Amino acid sequence: MMDSLLGLALLAGGVTVLIQVFLQCRVLRQSRYWKPTPGHIQFAGVSAVDRLCGLTFHRAKVIYDYAFEGRSFRGDTVLLGGELSVPKRHWAFEHSRDFVATAHVWVWVDPQNPQRCCLRREGERFLFATALGLVFAALGASVLAGHI
């Protein structure tokens, strides 16, 4: 009974990760049709975002303004594929060093939903997330099949 629950949990976790990767890849493909528009960085720095097992995780935080089709917007997404939270503050600073407050940048905007935007249309961690999802799904299937 416990093996079945463990197998189901591993399989469900792996499938969930793979679905998230698929959805992110879909958004990345759609972003090929997004339009660049000039933007202006209001804030660039590092923020503490998560606490886990006594560790504080940090993330590059960038807030920028932009206009699209005569309307003003504010965004904070740097990487379309999701920002990376790291336990070392200086690593997060390295992620944010490309952005300086008051700098002018190009903002990529979804013409169908102008509030959806980013500064970089690339994803991070997809290879790792895909491998992790496959490993969890395979382990779950193996436990359920009685091989482990």
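A few remarks follow.
- Scanning the stretch 117-148 for residues that are part of a loop (DSSP other than H, G, I, E, B) and among the aliphatic types (A, V, I, L, M) yields a total of 2.
- Here the condition is being at pLDDT 85 or above and not small (Gly, Ala, Ser); of Phe68, Phe93, it holds for Phe68 alone.
- Test: residue in the stretch 109-128 that is free of Cβ contacts under 8 Å to residues at least 60 places away in the same chain and on the phi > 0 side of the Ramachandran plot: yes
- Arg26 meets all of the listed conditions (1) within 28 Å of Phe136 (Cβ to Cβ); (2) surrounded by 14 or more Cβ atoms within 10 Å (Cβ to Cβ); (3) at pLDDT 75 or above but one, namely (2).
- Residues (open to solvent by less than 70 Å² (accessible area, probe 1.4 Å) and more than 20 Å from His40 (Cα to Cα)) located in the stretch 104-138: Gly123, Glu124, Phe126, Ala129, Thr130, Ala131, Leu132, Gly133, Ala137, Ala138
- The conditions of being at pLDDT 90 or above, of a type in the set (Val, Ile, Thr) and open to solvent by less than 20 Å² (accessible area, probe 1.4 Å) are not met by Val86.
- Taken over the stretch 29-55, the criterion of being open to solvent by less than 30 Å² (accessible area, probe 1.4 Å), modelled with pLDDT under 90 and either touching a His at 6+ places or on another chain (Cβ under 6 Å) or of a type in the set (Val, Ile, Thr) (or both) is satisfied by Val46 alone.
The values are calculated or read from the model by the stated rules, or taken from the named source; none is laboratory data. It should be emphasised that the depicted structure is a prediction, and the values quoted were computed from it without experimental measurement. Backbone-built Cβ (ideal geometry, glycine too); neighbour counts: all protein chains shown. When the accessible area is computed, the model is the full protein with side chains, heavy atoms only, and any ligands, DNA or RNA have been set aside. Shrake-Rupley method; radii C 1.70, N 1.55, O 1.52, S 1.80 Å.
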